[in-house]
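The block underneath contains the structure these notes are about, expressed in structure tokens.
The values are calculated or read from the model by the stated rules, or taken from the named source; none is laboratory data. Remember, it's a predicted structure, so these values are computed and weren't measured experimentally. Here the Cβ positions follow ideal geometry from the backbone for every residue, glycine too, while neighbour counts run over all protein chains shown. Surface areas here come from the heavy atoms of the whole protein model, side chains and all, with no ligands, DNA or RNA. Shrake-Rupley method; radii C 1.70, N 1.55, O 1.52, S 1.80 Å.
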Amino acid sequence: MGKKKGEREHALLSASGAQKWLYCTPSAVLEDGIPDTESGYTREGALAHGICELKLSKLFTDKNMPDRTYRSRLKKLRTDEAYQPEMEGFTDEYVDYVSAIAFGFPSTPFVAVEKRLDYSPWAPEGFGTADCIIIYGRDMHVIDFKYGKGVPKKAEGNPQLAVYALGAWNEYGNFFSVEDVHLHIVQPRIPNTASWTVTLGELLSWGELFVKPRAELAYKGKGEFRPGDYCKNGFCKAYGRCRAMAEKNMALMADAIDPVTDGIRKPELMSNGEIGGILKRAQFLKDWVTKLENHALSELVKGGDVPGWKIVEGRSDRQLSDPDSAFRGLVAAGYDEAVLYNRKPIPLTELEKLVPKERRAELLAPYIIKPRGKPKLVPEDDKRPAMQPQVSAEEAFGGDNSYKER
């Protein structure tokens with residue numbers, strides 16, 4: 001069904017942007033004046049969601065879908081330029097997660113897939129589409145699929161999931177006696193799965209006492225700008241140009257200046273406590289500067305003016321205009337075709353698709369390992385367990401060991 005005349009494609013107070021407009025209330029109206037830009041990541045995520053929807057529909061909401069129809073729709077999705085074979089495995093992981101919940105009840109639960117929900121009783125004109133809702137007895141599950149692999153998303157206190165839960169209760173509350181609400185994140189590419197349970201009473205209290213008054217401010221563009229991690233992690237369109245963010249980041253310069261020499265502090269002269277404190281506050285500074293650069297570049301490419309800056313032609317590599325014709329000529333001239341191509345193994349996720357599940361333990365399992373990942377600096381409140389270093393810092397970041405790039 002198409003949109004009605006005058007209807008927004010996305011709510012001003014969107015569920016995906018809930019953390020932003022709940023804590024930085026003027027941001028919703030500020031963002032609304034900035035055009036949307038679609039990235040490769042956006043298209044990739046939308047396609048992965050489409051594949052998830054089809055697979056879940058076949059299992060739960062459209063069980064009578066003929067296999068031929070299912071294969072035809074899946075084939076069409078695979079023709080999208082954003083499609084990658086690895087999507088099959090990642091979307092299967094999400095489907096398996098949902099299935100484990102749905103099939104874990106003693107009888108068939110209610111399941112809704114890609115359900116548009118109305119949470120306007122708490123946020124003016126608020127609506128959004130939840131990936132999956134499962135209700136059985138006193139339990140309601142709200143499951144969100146994340147295809148991104150940048151930042152691990154938390155289920156605990158997740159505003160997007162909680163707003164969806166409000167919408168789900170608004171939609172189904174008259175039909176089910178829900179008491180407990182379970183919020184789930186499935187982020188298979190990291191991998192990251194998380195869940196959190198809240199009572200319906202706690203959810204509704206949060207909606208009435210916290211969401212409703214802040215949503216009213218946000219809808220009017222009122223309140224106080226409060227830059228935070230959600231600016232970057234929530235993909236705020238104003239992130240690279242926000243004056244409040246600029247003021248916050250530039251204030252970090254005071255920490256970088258030595259009051260005695262009036263020069264930049266040298267890290268080796270600061271204590272670990274000082275370094276830790278500054279890093280905590282400045283962890284998103286680099287990304288913010290990158291956003292500024294991207295905006296300036298975009299303006300200059302469009303013919304705009306950014307005083308003090310210009311664009312130049314970057315480095316490019318030589319390439320063949322028609323590799324197939326060139327290689328045919330080389331083979332005809334006597335060159336061995338084998339030396340013209342690099343032979344490399346296919347990725348493990350694709351390899352697993354070639355081998356039936358019942359034979360993977362026999363043929364692949366003995367050879368599958370999971371090497372230790374490279375050390376990554378994160379804030380101490382990150383949910384991932386702390387890594388116990390087994391090598392020196394010198395070895396970890398460049399020594400002759402398993403972390404070294406080859």
**Complete:** Simple spin-label estimate for Ser120/Leu364, 7 Å along Cα→Cβ, in nm, reads 4.8
**Prompt:** So for the pair Lys222, Asp32, with labels modelled 7 Å out along Cα→Cβ, what separation do we get in nm?
**Reply:** 1.4
**Asked** What full-extension length gain, to one decimal in nm, is calculated for Lys310 and Leu377 as 0.36 nm per residue of separation minus the Cα-Cα distance?
**Response** 20.7 nm
**Candidates Arg138, Arg281, Arg360: whichever shows maximal mean-square fluctuation once the chain is modelled as a Gaussian network with Cα springs under 10 Å** = Arg360
**Item:** Packing-based ranking, highest mean first, of 175-187, 191-203 given that Cβ atoms within 10 Å are counted
**Value:** 175-187, 191-203
**Prompt:** Residues with beta-carbon under 11 Å from that of Thr25, excluding Thr25: net charge, scoring Lys, Arg +1 and Asp, Glu -1?
**Reply:** +3
**Message:** Using a 7 Å offset from Cα along Cα-Cβ at Asn294, what residues in region 18-60 end up with backbone N under 11 Å from the label point?
**Reply:** 37-42
**Gained length - Thr42 relative to Lys63, 0.36 nm times residue gap less alpha-carbon distance** = 4.6 nm
**Complete:** Connecting every pair of Cα atoms under 10 Å apart in the chain and solving the GNM, the largest mean-square fluctuation among Lys149, Lys370, Lys357 falls on Lys370
**Prompt:** If amide H atoms are built 1.01 Å from N in the plane of the peptide, which residues on other chains or at least 5 residues away come under 5 Å of the amide H of Leu117?
**Reply:** Gly128, Thr129, Ala130
**Fill in**
So the FRET efficiency between Ser107 and Asn342, C-beta based with R0 = 51 Å and rounded to 0.05, is 0.40
**Message:** Given a 1.4 angstrom probe, what's the average accessible area per residue across the chain, in square angstrom?
**Reply:** 66
**Request:** Using R₀ = 25 Å, calculate the FRET efficiency as 1/(1 + (r/R₀)^6) where r is the Cβ-Cβ separation of Ala82 and Leu351; round to 0.05.
**Result:** 0.65
**Message:** Antiparallel versus total DSSP beta bridges in the chain: what percent is that, nearest 5?
**Reply:** 75
**Calculated from backbone phi, Karplus (6.51, -1.76, 1.60) coupling profile of region 241-247 in Hz, x at Gly/Pro** = 10, 5, 5, 5, 5, 4, 5
**Asked** Once fully extended, how much extra length lies between Glu202 and Ala282, figured as 0.36 nm per residue of separation less the alpha-carbon to alpha-carbon distance?
**Response** 25.4 nm
**Prompt:** At a 1.4 Å probe radius, carbon and sulfur cover how many percent of the accessible area of region 53-163?
**Reply:** 48
**Request:** Read phi for every residue in region 158-175 and hand back ³J(HN,Hα) as whole Hz from Karplus 6.51 cos²θ - 1.76 cosθ + 1.60, θ = phi - 60°, with x for Gly and Pro.
**Result:** 6, x, 4, 5, 5, 5, 4, 4, 4, x, 5, 5, 4, 7, 10, x, 7, 10
